Amino acid sequence: MSSEVHTANPPAVGILRPEINDALVRRDRLIPHDGLSTWVEHYWTVAWELDGPGFVSEVVSHPSVHVTVESGDRPRFGYPMPAGLVHGVITRRFSQEIAGRGRVFGVKFRPGGFGAFTGADVGTWTDRVLPLSAAFGDSSAALVRDVLEAGPDDDRASLMDAFLLDRVPARDKRYDEVLAIVRDIQGDPTLTTVELAARRHAMSERTLQRLFRRYVGVGPKWVLQRARLHDAVDRIDSGRVTDLASLALELGWFDQAHFTRDFTALVGQSPAAYAARR
């Protein structure tokens, strides 16, 4: 069963303007069964009850596929509620209106984990939201029903544990390679090029790109840049940035102008403007 470990204020890496989300939305995080840790990073929950117009939640998304069971008083992602959904990797800024009432129980798979778990070529699902049945067939209907009927998040986590544990695949050595490379990219800010990543892991750039497209759903260059942008947003949000030019160079941009262009294209405002809101 789940270890039922909660984080009252889970890390907000990737959530833009997290102070707004934390004021209006209840967030939590739960640890899945140990037997799923190879593929699943964590479970997450959000819930809200808002009067008035609500707000738009924006996220600089991670290279992960998410499975969600959602309910609420209005459609989301073009689907009537309640629904079980699979969210492919989102390459743009992820925006979703949060209004009325809603609740979501989500599964965040590790980068490449969903492809290894299901055998799906997740590159075909990038930037798409699909019914859960696209991944798990008719059995998804019973899972959605059971999760929706369960009250506490701990009970929902236990149901998801059981569902996924029944479907654990054989170990995939190629996925192990992909996961090791992704962890290296995310954990080492000095790793800034696909060439360097391929050389460090003793494979050709072409092989690296093919593996990422199949398992992660996006190329290694995208994962590299997104990891560094996550680093930038996190440091700005935590107040650890005093010089944006130095930050740009430290995270691998050629100069501050290139960093500002990439940051603005994704976040919707310049690094200076985003930092100034604090």
Subject >> Qualifying positions in the stretch 115-127 - surrounded by fewer than 19 Cβ atoms within 10 Å (Cβ to Cβ), within 21 Å of LEU224 (Cα to Cα) and in contact (Cβ under 8 Å) with a residue 40 or more places away in the chain >> reply: ASP121, GLY123, THR126
Subject >> All positions within the stretch 135-167 that are loosely packed, with under 13 Cβ neighbours inside 10 Å and among the acidic types (Asp, Glu) >> reply: ASP138, GLU149, ASP166
Original post:
Hey, any hits in the stretch 102-114 for a residue that's touching a residue at least 12 places away in the same chain (Cβ under 8 Å) and in a helix (DSSP H, G or I)?
Top reply: yes
Original post:
Restricting attention to the stretch 222-263, which residues are assigned to a loop (DSSP other than H, G, I, E, B), charged (D, E, K, R) and farther than 23 Å from GLU19 by Cα?
Top reply: ASP255
Subject >> Pairs where the first residue, in the stretch 62-90, is in the same structural domain as GLY100 (by TED's automatic domain parsing) and the second is part of a loop (DSSP other than H, G, I, E, B) and basic (Lys, Arg), C-beta under 6 Å, 6+ apart >> reply: GLY88/ARG128
Original post:
Any idea which of (1) modelled with pLDDT under 90; (2) crowded, with 16+ Cβ neighbours inside 10 Å is the one THR7 doesn't satisfy?
Top reply: (2)
Original post:
What are the residues in the stretch 249-278 that are in contact with a Pro (Cβ under 8 Å, 6 or more places away or on another chain) and of a type outside the set (Ser, Thr, Tyr), if any?
Top reply: GLU250, LEU251, GLY252, PHE259, PHE263
Original post:
Which condition breaks for SER204 when tested against (1) closer than 30 Å to LEU249 by Cα; (2) in the same structural domain as SER61 (by TED's automatic domain parsing)?
Top reply: (2)
Original post:
Can you name every residue in the stretch 55-90 that is among the β-branched types (Val, Ile, Thr) and modelled with pLDDT under 90?
Top reply: VAL56, VAL59, VAL60
Original post:
Between residues in the stretch 154-166 that are in the same structural domain as VAL67 (by TED's automatic domain parsing) and residues that are surrounded by fewer than 19 Cβ atoms within 10 Å (Cβ to Cβ) and at pLDDT below 95, which pairs lie under 6 Å by C-beta distance while being six or more apart or on different chains?
Top reply: ASP154/GLU4; SER158/MET1
Subject >> Test for ALA198: is it surrounded by fewer than 19 Cβ atoms within 10 Å (Cβ to Cβ), in contact with an Asp or Glu (Cβ under 6 Å, 6 or more places away or on another chain), part of a helix (DSSP H, G or I) and free of Cβ contacts under 8 Å to residues at least 60 places away in the same chain >> reply: yes
Original post:
Among the residues of the stretch 116-151, which ones are farther than 20 Å from THR91 by Cβ, among the hydroxyl-bearing types (Ser, Thr, Tyr) and under 18 Å from the mean Cα position of the chain (by Cα)?
Top reply: THR118
Original post:
Of all the residues that make up the stretch 42-56, how many are in contact with a Ser or Thr (Cβ under 7 Å, 6 or more places away or on another chain) and not hydrophobic (A, V, I, L, M, F, W, C)?
Top reply: 0
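The values are calculated or read from the model by the stated rules, or taken from the named source; none is laboratory data. The model shown is predicted, which means the values in this text are computed figures rather than measured ones. Because the Cβ atoms are built from the backbone with ideal geometry, glycine has one as well, and the counts that use them run over all protein chains shown.
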